[in-house]
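So the structure is just underneath, and the comments pick up after that.
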Amino acid sequence: MEEFFQTCHNTTFYSFLSMTINKHILVGVSGGIAAYKSAELVRLLRKQGCEVRVVMTESATQFISPLTFQALSGNPVHTELLNADAETAMSHISLARWADVLLIAPATANIIAKCSHGLANDLLSTLYLAAECPVYIAPAMNQAMWHKTVTQENIAKLKAHGVTIINPEQGEQACGETGLGRMSEPATICERLLVQPIAPCLQGLRVLISAGPTREPLDPVRYITNRSSGKMGYALARAAVQAGAKVTLVSGPVNLVAPDSVELLQVETAAQMYEAVMAQAPYCELYIGAAAVADYSPITTESQKIKKQARQTTIILQKTNDILATVSQLNTPPFTVGFAAETDNLESYAQKKLHEKNLDMIAANWVGREQGGFDSEQNALQVFWKTGQKTLAMMDKTKLAEQLILLCAERFNEKNTT
Ligand code: C5P
C-alpha cells in the first residue's frame, strides 16, 4: 500500500475501491497558483494505477506548462474546446464518457461559479456539464474570495447537485494573507478520490436525525436561539445516506443544503421539533439527536412587538419537552444517540446524560473553546456508551460524521446481536 494511505487516520474505517487499477481520472486544472500542486497530484494518481488525462483552462497554462502534465500523465493535454486536432483525437463528449471521475483541482472561484450556473464557454466547463460520472472539486483561492457569500452559495449549489467538495485548508496564502483557501494537499485529494469513505453499514435502516438550533419566539420579531449551525447534523445525514440508510432530517433554521435523497422536515421551535421527531421515531431503527434544542421557551409569545418601556423586564421561561429522553422511553425505541455540548466537566456531564436519558450512546464535545464546537468546520468528540468509550480526534465535520456513523453502526449491531 502506498505511503500516504498508511497515514490514514484509521485504516479500519476505509475500504479500498477494488477498481483502482485503470480507473480513469480526468483532472481539470484551472488558473491558480495551486496548479503546481496538481502536478504532484497527477503523479500520485498514476502511482496508484489510475489512467489520467488532464484538461487545462487557458489561464492555468500561464501558471504551469501543459508539457509538465503531458509528461506526468503520459497523455496529451486538452486545452481547447474547438481545436480541430484535439476534437478528432477526443471530443469533449468522448472525454467526458472516458472519465470514471472528474476532478477539478485547483478550482478557482471563476470555474466554481461557471459550473454552478451551467455556463459552458470553454473545454473544462463544457466537460463539467457533459460529465455523468462523480465530480470532485478542490477549491483554491484567496480567503476573502472563499468566504464571499456568492462563492459559498455557488459551493452549496454544487453540493446540492451531488458534487463532492474537497474543502480548502487553512494557512498562509500565495498573496501573503492567511486564512481558509489553500488547496488541499495532493495526498489528501488522492485519498478522497480513491478511498471509499464509508462502508454500507446502515444498509436498509431508517435513520432519523435532528439538526440545527431552535427558535423560541418572544414576539413577532424576536426569538431566543443558540449558536448551532447544523453542520454536524447535516454531515451525519450525508454520511448515513452514504452508509445506505433511508434518512429523515428534522432541521431547525440553518443555512445549509440537505442531501437530495434525504427527507427534510423543517421546523422552527422546540415544540415543533418535538412533534416532528415523535411522529417519525417509532418507525426508525436509529435516532441521532444532534439538534441544539432550546431547554426553555418563553411561557407566552406576545402577539404585538414588545415595547421598551420599563428599565428592567422579566421573561418567564418554561422547560421544553426533552425530545431525546422521550424517544428513548418509547415502547420499542430506536437505537438512541445524543449529543452533549459542554463548557466544563465534559465526561461527567456526558455520562450523567447517557444514564439519565437512557441513551445507547452519547457524543460529547467542548464548546466555547478556540477550536471545534458550534459553527466550526471541525470538531472532536468523546463518545460514550454503557460499556465503553472512544475518542474521535479534531477533524473536518464531514470525516467526523463518517466515523461517528460507523461507530453507531458497530454499537447498533452489537446491541441487536446480543
Ligand atoms: O440535556 P442537554 O440539552 O444538554 O442534552 C443534549 C442532548 O439532548 C442533545 O442530543 C439534544 O438534541 C437533546 N435534547 C432534546 N430535547 C431537549 C433538549 C435537548 O432532545 N429539549
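Okay, here's what the table says:
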read-out	value
Above-threshold pairs, the threshold being 24 Å between Cα atoms, out of 47/114; 159/390; 246/386; 319/353	47/114; 159/390; 246/386
Given charges at Cβ of Lys, Arg, Asp, Glu: region 317-418 dipole, positive-most of 341, 378, 323	323
Ratio of the Cα radius of gyration of region 202-333 to 2.2 N^0.38 Å, where N counts its residues	1.17
Cα-only Debye scattering, region 274-404: base-10 log of I(q)/I(0) at q = 0.13, 0.22 Å⁻¹	-0.66, -1.32
Dipole axis of region 17-194 (+1 Lys, Arg; -1 Asp, Glu on Cβ), positive-most option in 125, 160, 145	160
Long-range amide H partners of residue 335 with built H, under 5 Å	286, 287
Volume in Å³ per residue [convex hull over Cα atoms, computed for region 328-418]	95 Å³
Debye log10 I(q)/I(0) at q = 0.16, 0.22 Å⁻¹ for region 91-193, Cα point scatterers	-0.68, -1.18
Residue-normalised accessible area of the chain, expressed per residue, 1.4 Å probe, Å²	49 Å²
Accessible-area value, residue 111, 1.4 Å probe, nucleic acids and ligands omitted, Å²	10 Å²
Heavy-atom accessible surface of region 213-312: percent carbon and sulfur, 1.4 Å	47 percent
Solvent-accessible surface (1.4 angstrom probe) belonging to residue 349, in square angstrom, nearest 10	90 Å²
The chain - charge dipole about Cα centre, Lys and Arg +1 at Cβ, Asp and Glu -1, debye rounded to 20	760 debye
Within the accessible area of region 17-194 (1.4 Å probe), percent carbon and sulfur	53 percent
Total charge dipole magnitude, region 304-363, about the Cα centre, Cβ charges on Lys, Arg, Asp, Glu only, Debye to nearest 20	700 debye
Euclidean distance of C-alpha centroids, region 204-261 and region 314-374, integer Å	16 Å
Descending principal axes extents, region 17-194, alpha-carbon based, whole Å	42, 33, 32
Rg ratio (alpha-carbon, reference 2.2 N^0.38 Å) - the chain	1.10
5 angstrom amide H check on residue 321, placed H, neighbours 5+ away	none
GNM flexibility winner over the chain from 291, 235, 120 (Cα, springs under 10 Å)	120
Residue 366 accessible area, assembled protein chains, probe 1.4 Å, Å²	80 Å²
Relative contact order, percent, region 17-194 [alpha-carbon distance under 8 Å, six or more residues apart]	23 percent
Sequence-distant aspartates and glutamates (8 or more away, or on other chains) whose Cα lies within less than 16 Å of residue 157	260
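The values are calculated or read from the model by the stated rules, or taken from the named source; none is laboratory data. Note that the structure is a prediction, hence the values are computed from the model and not measured. Here the Cβ is made from the backbone with ideal geometry for all residues, glycine too, and neighbour counts use every protein chain on show. Side chains included, ligands, DNA and RNA excluded: accessible areas come from the protein's heavy atoms. Shrake-Rupley method; radii C 1.70, N 1.55, O 1.52, S 1.80 Å.
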